[in-house]
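Participant: Can you keep this structure in mind? I'll have questions shortly.
Read-outs: derived from the displayed coordinates by stated rules, not from any lab. Treat the numbers as computed from the prediction; the structure is a model and nothing was measured. Cβ atoms come from the backbone with ideal geometry, glycine included; neighbour counts cover every protein chain shown.
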Amino acid sequence: MDASDVAACWEANAETWTRHARAGYDLYRDALNTPHFMANLPGVAGLTGLDIGCGEGANTRELAEAGAAMTGIDIAPTFIRHAREAEAAAPLGITYRLGDGMDLPFADRTFDFATAFMSLMDMPEQDRVLAEAERVLRPGGFLQFSILHPCFATPFRRVLRDEDGTVLGIEVRDYFRATNGEIETWRFGAAPAHEKAKVEPFKVPRFHLTLSDWVNLVIAAGFTIEHMHEPMIDAETAAREPYLADTRVAPLFLHMRVRKAG
């Protein structure tokens, strides 16, 4: 699967994805992934940043609200349209551009930092994305990204629950099986049944790598690993939202911050 195929998948997802995410159905993002990502982010006030795979711009807006001068880029035109509409409605000084993370349309050393919220594992050539991120960062700049955890979100993953819905464990298989755009179909689990029934499931291409693959790609791109984090939901939130309780058994996400020399 190449970049044009990936773009077609995400363009097909983008309208429903935007509507459902903005309705609060992406609980993993809103209650766990983004809050932990932002809590582990260095201060960005006064810095110029690039959000790679920005989608409809929710996380880009959080970065701008933290004081960064942000640019967002995404491969799906519908995501960019929604992001620009949100910027027009409540301006934060964000520029959104249509483009490919594997071929960033920016000059060398343009940004102080870059982020990628849950986008890199959906791109077919992660080595090119990391190399491009390194290229557009200024010396000493950093990239912070989140991905599905390579060890616990393998090509086969199943949450094991008892009859009361209590999470007993996570079953994973096929850790060493690299995928080349295999399509996963799913919906946001928190969406009500009547909403799920009205729309087609998302079709998401996956490009699974092992943990050592990711570390080696980061090093090959010229970065130094500075910080890693595996977010876990707190007990109070898990009790309120049992849907998220699997992340108290094993992490679903991996966060990594890497820095360019300089």
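Participant: Work out the FRET efficiency for F106 and E65 from their Cβ-Cβ distance, taking R0 = 22 Å, and round it to the nearest 0.05.
Facilitator: It comes to 0.45.
Participant: Any idea how far apart E15 and R135 come out in nm if each label point goes 7 Å out from Cα toward Cβ?
Facilitator: Placing both labels 7 Å beyond Cα along the Cβ direction yields 3.5 nm.
Participant: What residue among V199, V167, V215 shows peak mean-square fluctuation when the chain is described by a Gaussian network model with Cα springs under 10 Å?
Facilitator: Highest fluctuation among the options: V199.
Participant: Also: Going by how many other Cβ atoms sit within 10 Å of their own, how do H227, H194, H208 line up, fewest first?
Facilitator: H194, H227, H208
Participant: How much length is gained on full extension from A88 to D5, taking 0.36 nm per residue of separation minus their Cα-Cα distance? Please report the intermediate quantities before stating the final value.
Facilitator: Details: separation 83, 0.36 × 83 = 29.88 nm, distance 2.99 nm.
Gain on extension, A88 to D5, equals 26.9 nm.
Participant: For the chain, what does the relative contact order come out to in percent, with C-alpha contacts under 8 Å and a separation of six or more? Present the calculation step by step, with values, prior to reporting the outcome.
Facilitator: Working: 514 pairs, mean separation 52.5, N = 262.
Once normalised by length, the contact order is 20 percent.
Participant: In addition: Going by the alpha-carbon gyration tensor, a ≥ b ≥ c the square roots of its eigenvalues, is region 17-145 rounded (a/c under 1.5) or, if a/c is not under 1.5, prolate (a/b greater than b/c) versus oblate? If you can, show how the numbers build up before the last one.
Facilitator: Numbers: a/c = 1.37, a/b = 1.27, b/c = 1.08.
Verdict is rounded for region 17-145.
Participant: Name the aspartates and glutamates eligible as straight-distance cross-link partners of K203: C-alpha to C-alpha under 18 Å, and not fewer than 8 places from it in the same chain.
Facilitator: D2, D5, E11, E15, D26, E56, D74, D122, E182, E184, E195
Participant: Moving on to the next point. If contacts are Cα pairs under 8 angstrom and at least 6 residues apart, what is the relative contact order of region 143-251 in percent?
Facilitator: On the way: 125 pairs, mean separation 29.1, N = 109.
In percent, rounded to a whole number, it is 27.
Participant: So, one more: Using the 10 angstrom Cβ neighbour count as an exposure proxy, how do T110, T115, T71 rank, fewest first? The partial results should precede the final answer.
Facilitator: Values: T110 16, T115 29, T71 23.
Lowest count first: T110, T71, T115.
Participant: In addition: Could you tell me how many degrees, from 0 to 90 and to the nearest 10, lie between the Cα long axis of helix 77-89 and the main elongation axis, the longest principal axis, of the Cα atoms of the chain?
Facilitator: Computed tilt is about 80 degrees.
Participant: Working from Cα positions, state the angle (0 to 90°, nearest 10) between the long axis of helix 211-220 and the longest principal axis of the chain.
Facilitator: It is inclined by approximately 0 degrees.
Participant: Going by C-beta contacts inside 10 Å, put Y28, Y175, Y96 in order with the fewest on the left. All intermediate terms of the calculation are to be shown ahead of the outcome.
Facilitator: Values: Y28 21, Y175 14, Y96 24.
Fewest-to-most Cβ neighbours within 10 Å comes out as Y175, Y28, Y96.
Participant: Still on this structure: What does the helix-only formula give at 222 nm for the chain: each DSSP H stretch with n ≥ 4 adding -39500 (n - 2.57), the total divided by the residues, and the result rounded to the nearest 500 deg cm²/dmol? Write out the running numbers ahead of the final one.
Facilitator: Working: 8 runs with 80 residues, N = 262.
After summing the helix terms and dividing by the residues of the chain, the value is -9000 deg cm²/dmol.
Participant: Give the angle, between 0 and 90 degrees and rounded to the nearest 10, that separates the Cα long axis of helix 126-136 from the longest principal axis of the Cα atoms of the chain.
Facilitator: On a 0 to 90 degree scale, this one is about 40.
Participant: What is the distance, in nm, between label points placed 7 Å from the Cα along the Cα-to-Cβ direction at D127 and at V199?
Facilitator: According to this spin-label approximation, the distance is 3.6 nm.
Participant: Using the Karplus curve 6.51 cos²θ - 1.76 cosθ + 1.60 with θ = phi - 60°, work out ³J(HN,Hα) for each residue of region 37-45 in order, rounded to whole Hz, and write x for Gly and Pro.
Facilitator: Whole-Hz 3J(HN,Hα) from phi for region 37-45: 4, 5, 5, 9, 7, x, x, 10, 4.
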